[in-house]
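In what follows, a structure is listed as structure tokens, so that the remarks can point back to it.
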There are 2 protein chains.
Amino acid sequence: MTPALIAEARGRIAPLCQRTPVWSSRRFDEAAGVRTFFKCENFQKGGSFKIRGASNLVLSLSPAERERGVVAYSSGNHAQAVAIAARHVGAQCTIVMPADAPRSKLEATAGYGATVVTYDRFRESREEITTEFIRRTGAVLAHPFNDPRIVAGHGTAAAELIEECPDLDALTSPVSSGGLLAGCAIAAKGARPGIRIFGAEPEGANDTFLSLQAGKRLTVKPDTIADGLRSASPGELTFPILQRLVETVVLVTDDEMRATIAFLLTRMKILVEPSGVVAAAAALYRKLPVELKSVGVILSGGNLDLEELSWGRLSSLPPAF
Amino acid sequence: MTPALIAEARGRIAPLCQRTPVWSSRRFDEAAGVRTFFKCENFQKGGSFKIRGASNLVLSLSPAERERGVVAYSSGNHAQAVAIAARHVGAQCTIVMPADAPRSKLEATAGYGATVVTYDRFRESREEITTEFIRRTGAVLAHPFNDPRIVAGHGTAAAELIEECPDLDALTSPVSSGGLLAGCAIAAKGARPGIRIFGAEPEGANDTFLSLQAGKRLTVKPDTIADGLRSASPGELTFPILQRLVETVVLVTDDEMRATIAFLLTRMKILVEPSGVVAAAAALYRKLPVELKSVGVILSGGNLDLEELSWGRLSSLPPAF
């Protein structure tokens, strides 16, 4: 994994991905005590950064591989991203999703032209179903994070951000299995070797935090409102990259995420999902080193069912800012 | 009122106002059946277009007038806009607000350096209090709409939009007392004489709709969730402009506004307040002529207390789109 792979990915994904805007807010900066530059992946096609990795993978396929089609297992943003990319190149796409996934997600995925295969998540294993499907059809697996093409694609978000804000002291992004953070760390350190990299994780899904402390991949039982960050452990491919490039992972509570969503919504008028807001919450709650003058923050997505979030609770939080 | 006044205003307000982005959404266009270009005044300084008129007025004052200070009566976005503009030029600013206005608005206005004078809206008249204040201090009144400097300032929003999208068939904006729509109509017709202009009003505050039909200014008792559009009648200055330039006013229900807020929030990830969304709702619910190919829509503001909107009700609306 090198910055050159990310530079290649930028050219490859350009037809399918937005160059999302970088925004800032004087009021956020005052509250956070640091100049903050938001990379707004909530405005990305499909509503999250996931299209970056998915399109880099799908657009890297050989004609023979495209012919065989792609398959992914995901109940979230990755599934829709793979479906969008596959449709773009005219490849068959199959998504393995739990039968009890939100209807909106099942329908959206099918709406992008993918074949949705459902399974009973209490009795069946999505990995086994996918492996069997691949054995039978020869389809290419679009793994959500354990693939250099995915990591390089995700890294393009940071490459764009650093290009626009070349003087950042630090970069922080949400961490789940580490694909986004690993790609962004490689891109940022490649462009600006002195930049400091911080991961941001929910307290209730602190697998990467604990694993970096222990020096090995540990497993946790995630419990957080940030549904996209409920990983049990960092990825095989991504963990060594994080060990090498990430200074530390800071932890954020669910209430801090809720309050940060409310801040971005009411002050900046933008919607960010819980998983997408965790790095912004780390800045807003001053969990990054005090000496930082400027920080780049990846707002990684904005896909949210309005009923999912406890709006009443959100608005009743103490007005800390 | 001429397009030249608006061109002058553009130069004058540039130090204080954002050139807000123009956004579009393929999914909105599909649902609305027309290419729609949103002028995002919800991202404007202060959270609404009001800073355009307020800063044009305040920055037009002579040194002697600045010395006397400005006064405005408003419980909404206009008050904060005048306070921001006055602070910018170092003028004293007094805002007359109801004592029971939301604490957040009282505090925000004071936070911009204005002196807030409260009154009992059941027993006192804000006009009388303001008139007495002006008699005593010589302060300049910043009227919210009945002033050519305000109308010209608001028109800059449409001037920017037409500059960016010169081929629009039509323009639509929310109507309250008519300052925004009058200014935008003058700017748009000046740049593109063939453009069709449509106002959008809540069914529960249809004073301009009825007044245009009757050919004279009528008075209604407003009842709508769109708190910024609860005008009882069109303005003296603005009504003749609307009669001359506006083709018709289309009406939108409160539920259509709620559903449009949800659409813009979940699909485009942006927050627009009920008053700000009414023109977008007119497009989404296909109330504009079917032959239009492209329409410019002013999203006029995004200031919303999260508890004000019935989010539960919002998310339980039929998923029409």
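The values are calculated or read from the model by the stated rules, or taken from the named source; none is laboratory data. Bear in mind that the values here come from a model prediction, so they are computed numbers and not experimental data. Positions of Cβ are backbone-derived with ideal geometry, glycine not excepted, and every protein chain shown enters the neighbour counts. For accessibility, only protein heavy atoms count, side chains too; no ligands or nucleic acids. Shrake-Rupley method; radii C 1.70, N 1.55, O 1.52, S 1.80 Å.
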Students often get this wrong: which residues of the range B:217-259 have the backbone nitrogen under 13 Å from the point 7 angstrom along Cα-to-C-beta of B:GLU203?
B:223-225, B:251-258
Tensor-based shape of the range A:51-141 (alpha-carbon gyration tensor, a/c under 1.5 rounded, otherwise prolate or oblate)
oblate
Partner chain Cβ atoms within 10 Å, averaged over the residues of B:298-304 - can you pull that number for me?
2
Averaged over B:262-273, how many beta carbons belonging to a partner chain fall within 10 Å of each residue's beta carbon?
5
If the label for A:GLU107 sits 7 angstrom from Cα along the Cα-to-Cβ line, what are its distances to the same label in every other copy, in nm to one decimal, shortest first?
4.0
For helix A:274-284, what angle does its Cα long axis make with the longest principal axis of chain A, in degrees from 0 to 90 and rounded to 10?
20
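Could you provide, to the nearest whole Å², the per residue accessible area of chain A with probe 1.4 Å?
Spelled out: the 1.4 Å probe surface of chain A, per residue, equals 39 Å².
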For the range A:37-47, in order, what is each residue's ³J(HN,Hα) by Karplus, 6.51 cos²θ - 1.76 cosθ + 1.60 with θ = phi - 60°, in whole Hz (x at glycine and Pro)?
10, 8, 8, 8, 6, 5, 8, 5, 4, x, x
Show the residues, 5+ positions off or on another chain, whose built amide H is closer than 5 Å to the amide H of B:ASP100.
B:ARG121
Length added when fully stretched, B:ALA232-B:ARG103, from 0.36 nm per residue minus Cα-Cα
44.0 nm
Considering only the label points, 7 Å along Cα→Cβ from Cα, what distances in nm to one decimal separate B:ASN146 from the same position in each other copy, shortest first?
7.2
Determine the share of chain A's accessible area contributed by carbon and sulfur atoms, expressed in whole percent, with a 1.4 angstrom probe.
49
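Report the accessible surface area buried between chains A and B, summing both sides, using a 1.4 Å probe on protein heavy atoms only, in Å² rounded to the nearest 100.
The buried area between A and B, both sides summed, comes to about 1600 Å².
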7 Å along Cα→Cβ, label-point gaps from B:ARG244 to other copies, nm, shortest first:
7.0
Would you please give the residues with an amide H less than 5 Å from that of A:GLY33, counting only those at least 5 places away or on a separate chain, with H modeled from the backbone geometry?
none
GNM flexibility winner over chain A from A:PHE122, A:PHE38, A:PHE239 (Cα, springs under 10 Å):
A:PHE122
Partner aspartates and glutamates whose C-alpha sits under 14 Å from that of A:LYS216, ignoring same-chain residues fewer than 8 away, are A:ASP207, A:GLU236
Once amide H atoms are built 1.01 Å from N in the peptide plane, which residues 5 or more positions from B:ARG196, or in another chain, come under 5 Å H to H?
B:ALA170, B:LEU171
Among B:GLU107, B:GLU65, B:GLU128, which one moves the most in a GNM of chain B with springs linking Cα atoms closer than 10 Å?
B:GLU128
Tabulate in residue order the Karplus-calculated ³J(HN,Hα) for the range A:150-157, using 6.51 cos²θ - 1.76 cosθ + 1.60 with θ = phi - 60°, rounded to whole Hz; enter x for Gly and Pro.
5, 4, 5, x, 4, x, 4, 4
On a 0 to 90° scale, report how tilted helix A:77-89 is relative to the longest principal axis of chain A, with both axes built from alpha carbons and the result rounded to the nearest 10.
50
In whole angstrom, note down how far apart the Cα centers of the range B:151-189 and the range A:39-114 are.
40
Computed ³J(HN,Hα) along the range A:229-243: with the Karplus parameters 6.51/-1.76/1.60, θ = phi - 60°, integer Hz and x for glycine or proline, the list is 10, 7, 7, 8, 7, x, x, 4, 6, 7, 4, x, 5, 5, 4
Partner lysines for B:LYS45 [C-alpha distance under 18 Å; skip if fewer than 8 residues away on the same chain]
A:LYS269, B:LYS105
Ignoring everything except DSSP H segments at least 4 long, calculate the 222 nm mean residue ellipticity for chain B; use -39,500 (n - 2.57) per segment, divide by total residues, nearest 500.
-13500 deg cm²/dmol
Residue with peak Gaussian network fluctuation, chain B [Cα springs, cutoff 10 Å], from B:GLY153, B:GLY53, B:GLY33:
B:GLY33
